[in-house]
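**Student:** My questions all concern the structure below.
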Amino acid sequence: MNIRAILTQGPPPASKVTKQLNYGSAVALTKTAKEGQAASVSALKVKFTLRNRWFEQQTPLGIKITPATPATQFSEVKTAAYFLPRQDQGGTKIPYKKFLAIPIIPNARPSKTALIPSKNLPKNLKNAFELVTKTGTRLLCIRNSSGRGRGKFSALPQNGGRQTSGLVPMYILVKKSTIKSADVFHKPIELTVKERLPGNMAREINLAFRQMR
């Protein structure tokens, strides 16, 4: 609506002004939430080795947004990832039962970026047993009985190579683990809101009024 139309037709009804204002602010809130969502995902990719795509919007645990509407005037970034708050803010991880099992590469986990094969999960290991070293380190091991080299520690081959015999340490067992804060959720989102919301509001409300009929 231009100045000439306002002068000739009079000011628009308050209801129309309110409608456009609410529409523009809802768009701005939703855009800011999407930008916060992207900032969190970006921080996750920088700080962690992501072995699957759990963080995506369409997954059950993904980092999602609630879009604002003209009626609600509310938008948020959220996640059902139960493990993320501790990774984000830090804390102490304690075991469900006796110990936390930290996988040994390449015995349990083929590489740093790989998922642990189902057969190598602690609950699926056959004839697994605990072993305590002279230094007090507690290990979850299996015995690899094929091939030569009896009595040696060896890694299970992940690429089809020949197995050697001996004890294979699969996991280090610990009673607890201290996790440092990584700031991958709250801080990047809060910073995005602080930097982007005012400009988004001004632009989208201005656009909404320019499109008013």
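The values are calculated or read from the model by the stated rules, or taken from the named source; none is laboratory data. Since the structure is predicted, the reported quantities are computational estimates derived from the model, not experimental observations. Cβ placement follows ideal geometry from the backbone for every residue including glycine, while neighbour counts extend to all protein chains displayed. Remember, those area values only see protein heavy atoms, side chains included, never the ligands or the DNA or RNA. Shrake-Rupley method; radii C 1.70, N 1.55, O 1.52, S 1.80 Å.
**Student:** Could you tell me whether segment 88-106 includes any residue that is modelled with pLDDT of 85 or more, more than 29 Å from Lys47 (Cβ to Cβ) and part of a loop (DSSP other than H, G, I, E, B)?
**Tutor:** yes
**Student:** I'd like to verify a number: residues in segment 179-213 that are within 30 Å of Gln87 (Cβ to Cβ) and either in contact with a His (Cβ under 7 Å, 6 or more places away or on another chain) or not in a helix (DSSP H, G or I) (or both), how many?
**Tutor:** Result for segment 179-213: 7.
**Student:** Of all residues in segment 112-140, count the ones that are open to solvent by less than 50 Å² (accessible area, probe 1.4 Å) and in contact (Cβ under 8 Å) with a residue 24 or more places away in the chain.
**Tutor:** Qualifying residue count, segment 112-140: 7.
**Student:** I would also like to ask the following. Please enumerate the residues belonging to segment 48-86 that are polar (S, T, N, Q), open to solvent by 70 Å² or more (accessible area, probe 1.4 Å) and over 30 Å from Glu204 (Cβ atoms).
**Tutor:** Correct list: Asn52 only.
**Student:** Consider only pairs whose beta carbons are under 9 Å apart and that are at least six residues apart or on different chains; among these, list those whose first residue lies in segment 66-78 and is without any contact (Cβ under 8 Å) to a residue 60 or more places away in the chain and whose second residue is open to solvent by 70 Å² or more (accessible area, probe 1.4 Å) and assigned to a strand (DSSP E or B).
**Tutor:** Correct list of pairs: Thr66/Lys78.
**Student:** Suppose we filter Ala108, Ala101 for residues that are under 11 Å from Leu173 (Cβ atoms), among the small types (Gly, Ala, Ser) and open to solvent by less than 60 Å² (accessible area, probe 1.4 Å); which single one remains?
**Tutor:** Checking each option against the conditions leaves just Ala101.
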